[in-house]
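Heads up: the structure comes next, in structure tokens.
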Amino acid sequence: MSSSPARKLGSWLACMVLALGAIAAADAPRKAQPFTYQDINPNSPSHGKRLSLPKLYAERGVVLNFLASWCDYCWKELPDLDRLRQSKSAPIVGVAADEYGDVGPLRELLVRSRSTMPVLLVPKAEIEAMSEAYDHRVLPATYLIDRLGRILRVYQGLAPVAELSARIDSELVSAPSP
């Protein structure tokens, strides 16, 4: 039994609609996994305090930067992020989610860097869950999260500072209230 051209066209259109729907769903922002961790940066005003992701993004959104003591690019990027953090009203926060051993080297690097950016330490027992929730493949990795907790953008590797600055202004700080 052969199909009519109209039936074939209808089937093709239905497949295209389903495919476009799947693409749109894949592009939809996903929700950031909430967490609360301690700031381990001795230079940070919030050193020693536990910071909650939902509270960090609630007002203006947040920029999360995943880093590690062994990641040279993370430390290369840190001064730019720190300057950006001081010039923007959206918070920029570091997250160390892979320090399996002693965090001493990480703290030493933070002290030497003079960065005042909060850096939250993910406990060893939660590292696997964190890596599943935030599935970047390289470090540094930078996430833009809006006021509703949606991940808008992910930069894997060094984030282009000028673009990141513009995105903070357009997608976080000046975004309309929910």
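Could you tell me which residue out of VAL103, GLY157, GLN33 lies farthest along the dipole of the range 30-173 toward its positive end? Charges go on the beta carbon: Lys and Arg +1, Asp and Glu -1, centred on the Cα centre.
GLN33
Provide, for q = 0.10, 0.12 Å⁻¹, the log10 of I(q)/I(0) from a solvent-free Debye sum over equal Cα point scatterers in the range 30-173.
Here the Debye-derived log intensity ratios amount to -0.28, -0.41.
Throughout, read-outs are computed from the coordinates displayed, never taken from laboratory work. As the structure is a prediction and not an experimental result, all values here were calculated from the model. Because the Cβ atoms are built from the backbone with ideal geometry, glycine has one as well, and the counts that use them run over all protein chains shown.
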